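In what follows, a structure is listed as structure tokens, so that the remarks can point back to it.
Each reported figure results from applying straightforward, stated rules to the coordinates on display, with no laboratory input. Everything quoted here is computed from the prediction, not taken from an experiment. Methodologically, a virtual Cβ is constructed for each residue, glycine included, from the backbone with ideal geometry; neighbour enumeration extends over all protein chains shown.
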Amino acid sequence: MTDPQPELAWYAKADDDLETARRALGPERPLPAIACYHAQQCAEKYLKGYLIAHDIPFRFVHDLGYLIDLCTGLDPAFADLLPAAVTLNPYVGTARYPAEAAQEPDIEAARKALHLAQQIANFVRQT
């Protein structure tokens with residue numbers, strides 16, 4: 001038997017990423033790069049879940065702009081999320097690989113990333 005709403009599993013994983021991002025900004029030892037990475041992952045999973053819910057095939061890539069473009073084909077309002085996608089997109093590699101100090105996100109960038117990921121999650125959930 002197939003799951004009638006497979007996107008819900010994607011959304012649940014995305015919510016785990018969002019919670020991980022929040023925890024990474026905790027007071028004891030903030031990890032802004034980790035928070036940014038998980039914020040990007042949250043957005044990515046919400047967008048992929050939306051596409052799965054609508055039976056739209058996509059390449060398994062981390063490019064949020066590409067995913068937004070596909071979603072915009074179903075609902076033009078997704079285009080409003082493109083600036084958030086552009087901001088979050090670089091964070092897919094930030095926590096996974098060493099970067100120059102100038103490229104490491106600070107706590108303020110991580111808070112913004114968290115806000116943008118939540119914005120995308122809310123939008124997808126309401127669509």
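Counting neighbouring beta carbons within 10 Å and listing from fewest to most, the residues 34, 120, 68, 107 come out as 107, 34, 68, 120. Contact order for the chain, expressed relative to its length and based on alpha carbon pairs under 8 Å spaced 6+ residues apart, stands at 33 percent. Each peptide in 83-91, 40-48, 70-78 was scored by the mean count of other Cβ atoms within 10 Å over its residues; highest first, the order is 40-48, 83-91, 70-78.
Of the complete DSSP H runs in the chain, those spanning 18 angstrom or more by Cα along the long axis with a mean Kyte-Doolittle score not below -1.0 are 7-24, 32-53, 107-126.
Over all alpha-carbon pairs in the chain, figure out the percentage whose distance exceeds 26 Å. So the portion of pairs separated by more than 26 Å is 19 percent.
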